[in-house]
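This report refers to the structure that appears directly beneath it.
Every read-out reported here was derived from the displayed coordinates using simple, explicitly stated rules and does not represent laboratory data. Since the model is a prediction, treat every value here as computed from it, not as a measurement. Neighbour counts run over all protein chains shown; Cβ positions are idealised from the backbone, glycine included.
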């Protein structure tokens with residue numbers, strides 16, 4: 001009986017050692033496969049064989065990710081790709097590919113594109129800053145690879161692009177008031193410099209307010225801005241003279257550029 005128990009204990013011990021060895025070898029080779037994949041993708045901290053491109057066409061920015069990824073390891077690798085763009089702490093756009101399984105020795109072609117129209121952004125991302133100020137967009141290209149849940153890694157390519165403003169050096173000049181009896185004409189000179197490399201049609205209107213009360217609205221001004229050229233015009237509003245006092249008011253401008261409406265809010269002084 002003791003001999004049988006000793007034999008069983010020896011058998012269980014042998015099985016446990018075998019399972020341990022198999023587990024160590026398996027996880028080691030899995031880790032090695034992921035490491036080999038990481039080596040095949042990286043060169044000095046950047047992606048090998050993958051190119052991120054950015055093309056600016058008017059107010060649209062096109063992002064693309066192209067190339068080929070090999071599986072140099074011993075196990076199948078799950079791959080996915082994503083492109084995201086941020087500016088001023090806000091996510092502007094993100095595109096993610098469907099995850100695919102890449103077998104050992106295979107190559108995976110990468111072709112992922114994304115685009116964004118800067119002037120069609122929601123108010124939450126403040127499109128006014130793309131219109132009036134030079135802006136930087138951070139592009140992040142990420143490759144996710146691994147054998148979940150055993151081992152995985154993410155590798156990204158950072159890239160920054162700078163966009164010139166369509167209405168650079170934007171300025172609202174000092175208001176002039178013409179008393180016309182019961183009504184007064186308030187005129188605001190508007191000027192800006194087109195720092196983009198293309199012409200565009202635009203329109204703009206103004207609304208003058210004191211608190212919650214709207215005092216007057218201007219007619220719509222239509223114009224065309226040429227690249228590198230200054231643009232100037234007046235927006236005039238008719239306001240009841242009795243309601244117009246010297247002081248500070250809210251001037252709400254509505255710009256329409258390439259079919260996109262962009263609000264511009266300013267505090268102005270009226271003499």
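Tabulated data
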read-out: Taking 93, 267, 59 and counting other C-beta atoms within 10 Å, the order from fewest to most; value: 267, 93, 59
read-out: Calculated FRET efficiency for the pair residue 197/residue 68, C-beta based, R₀ 35 Å, to 0.05; value: 0.55
read-out: Potential extension, residue 160-residue 115 segment - 0.36 nm per residue separation minus Cα distance; value: 14.7 nm
read-out: Tail weight of P(r) past 17 Å, computed on alpha-carbon pairs of the range 63-108, percent; value: 46
read-out: Ranking of 86, 134 by count of other Cβ atoms within 10 Å, fewest first; value: 134, 86
read-out: Cβ-Cβ FRET estimate between residue 210 and residue 136, R0 fixed at 25 Å, reported to 0.05; value: 0.10
read-out: Extension gain, residue 182 back to residue 266 (0.36 nm per residue minus Cα-Cα distance, nm); value: 27.6 nm
read-out: Distance-filtered residues of the range 170-198 - backbone nitrogen under 19 Å, label point 7 angstrom along residue 231 Cα→Cβ; value: 170-173, 188-198
read-out: FRET efficiency, 1/(1 + (r/R0)^6) with R0 35 Å, evaluated for residue 101 and residue 54 via beta carbons; value: 0.75
read-out: Kirkwood Rh, angstrom, the range 168-270 [1 / mean 1/r, Cα pairs]; value: 14.3
